[in-house]
Amino acid sequence: MKIFEGNSMDEIEEKIIKYLFEEGVEVAPRKNKCIEIIGCGFTLKNPRNRIIYNPERKFNLCFAVGELLWYLKGSNNCDMITFYNKRYSQFSDNGVDLYGAYGKRIFNEINNQWENIIKKLQEDSESRQAVISIFEPKDLTVVSKDIPCTCHIQYFIRKNKLNCIVTMRSNDIIWGTPYDVFNFTMIQEILANILNVELGEYLHFVGSLHIYERHYNFGKKILNKNNYRIETMDEMPKDFIKQVPKLLRIEQKIREEKRYYNIEKNETYQAELINVLNFHLAKRLNNENEKNKYRNEVLEKYRSLLLK
């Protein structure tokens with residue numbers, strides 16, 4: 001198994017793309033030509049270096065934050081996520097919901113795996129049973145455009161640090177991996193705070209890690225770009241989980257009422273997320289003044305990620 005390691009997702013993505021071009025094998029599952037490596041993984045040493053800053057990659061922070069809140073809401077609603085990324089509608093079987101939505105499978109109120117793993121780790125901090133299953137047996141026979149790529153998520157507390165291991169059947173290094181890592185490490189940090197432990201490492205294992213033919217030139221541009229600055233996200237407030245219901249209400253107001261929302265300045269971390277959503281609304285409404293306003297209100301290190 002080929003294992004990559006890095007202190008940032010920029011470093012890891014570039015190592016993987018380079019290896020794919022050098023050692024990958026060309027295949028065409030469902031007639032989609034790509035270069036893949038089978039059975040590989042990577043370790044992100046500092047999960048707060050979750051954002052990709054390579055300007056050629058054009059990481060979309062608005063989508064990343066919107067998708068995170070979609071997960072935390074436990075939703076499979078198509079309208080909510082397509083507000084942030086219209087491509088999601090291509091994977092809906094009925095135009096209403098998404099069959100494989102991760103948030104619905106993780107935070108479902110009927111069988112809330114999230115609450116169960118919290119309880120498991122609170123009862124036994126060295127447990128090896130804190131596993132969230134996303135891919136289900138029925139997914140092998142269901143006909144859907146949205147079969148989950150993630151198999152399961154496992155958490156370990158070791159040396160008072162919460163480590164996260166994600167196992168995936170398939171992952172697209174260009175479109176999928178960057179946002180999967182953003183969301184899974186944000187959820188990892190939320191859980192670490194709930195359990196009152198430090199943030200550990202993030203480990204990511206994949207059956208098929210690949211780059212599609214349509215992204216070959218894209219990948220080469222990423223490899224050819226250098227001399228850019230990588231930033232670390234701020235440490236998440238310890239009580240962030242208590243703020244999530246409020247954030248979800250604000251997100252809904254912004255999205256449904258098309259109304260900007262100003263949050264208290266002392267709530268810095270939450271304010272950054274809200275202003276990212278405000279910027280996205282301004283972008284959708286083609287309001288240049290509001291776009292400039294909210295771009296200038298976020299921390300400087302996030303401004304390049306608010307795509308025009």
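Quick one: if you stick a label point 7 Å off each Cα along the C-beta vector at residue 293 and residue 241, how many nm between them? Taking the simple label geometry, residue 293 and residue 241 are separated by 3.6 nm.
Calculated on the alpha-carbon coordinates, the convex hull of segment 71-174 measures out at 129 cubic angstrom per residue. Calculated from DSSP H runs of 4 or more alone, at -39500 (n - 2.57) each and per residue, what is the 222 nm mean residue ellipticity of the chain, nearest 500? That calculation yields -12500 deg cm²/dmol at 222 nm. Legend: ranking of residues 248, 307 from fewest to most surrounding C-beta atoms inside 10 Å; resulting order 307, 248.
Each reported figure results from applying straightforward, stated rules to the coordinates on display, with no laboratory input. As the structure is a prediction and not an experimental result, all values here were calculated from the model. Cβ: placed from backbone, ideal geometry, glycine included. Neighbour counts: every protein chain shown.
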